[in-house]
Amino acid sequence: MIDRKIFEDRLTYKETTITGHTAVSRLVARFNAFVNAAVSALGASDAKTPVGLGCGERETALEQYDALVKELTLMRLEIDKAEAMFATLPREREEFEVYSDTIAQQTARVEAEIVALKERLVVERAIRLQREEYEALAKLVNKFPAKAQTTVGQTKVAAEIAALEEEKGRLGKAVAMRKRQLSFVLNAVRDLKNGLEYDMRTDEEKDRFLAEQAAAVAKCKEEGGEMEGEGDEDEEDEESEMQMD
């Protein structure tokens, strides 16, 4: 149903693009002009005219009548156009509501996408930060040799250390042997000296010296009994090295 009040208001306040008058005011002006022309024609009538109108006033009244008919025709067209426009309003309103719902749905979807993109942006920034940290660590690690090279180097160093330990043990044995040889030489020199001194002593001094030597030998036997087992292990190596020397 068309709202008649709105229809009437639109017809009343509809303005033209040229004069600025409403269609109703133009229609009223045409109607008044026709009435005035008709009254003038009736007032100027004489007995000779069968219809009681003068020729000039009659033509003016006819012209005003034609203008009034044209104005009424235009008014009818405007009314038809307004009725057609008002008839389309419900459909346009329905379309507007559909478009409004569609726009609301699209807006909600876009807002959801914006929220998802913001969350993804946070994740991407975290990933980018981690990637930068990884690249920095990779550059730092690449400055050092590879694990395989390090393992080979460690194995080589371990072998060198083992060889040095072995050399240390061999040199230790050689030093111990040299010490024993030096001790033997010193003992021989001391025995030779004691022998010379013994030959120069009296019989009483010789007896006292022999008693001291016997006591010293007995003491050495007691102390050397514990080390006898250890000395036998290296005896063959020492003898071979002495023969080589």
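The values are calculated or read from the model by the stated rules, or taken from the named source; none is laboratory data. Computed from a predicted model, the values in this text were never measured in an experiment. Cβ placement follows ideal geometry from the backbone for every residue including glycine, while neighbour counts extend to all protein chains displayed.
A few comments on the model shown:
- Per this entry, Leu74 is counted among residues that are surrounded by 11 or more Cβ atoms within 10 Å (Cβ to Cβ), modelled with pLDDT under 90 and under 30 Å from Phe34 (Cβ atoms).
- Pairs with Cβ under 8 Å, 6+ apart, first in the range 84-95 and surrounded by 11 or more Cβ atoms within 10 Å (Cβ to Cβ), second of a type in the set (Lys, Arg): none
- Just one of the listed residues (Leu62, Leu129, Leu164) is assigned by TED's automatic domain parsing to the domain that holds Asn36 and either within 22 Å of the chain's Cα centre (by Cα) or modelled with pLDDT of 85 or more (or both), and it is Leu129.
- Checked against (1) in a helix (DSSP H, G or I); (2) surrounded by 10 or more Cβ atoms within 10 Å (Cβ to Cβ), Leu140 meets all criteria but (2).
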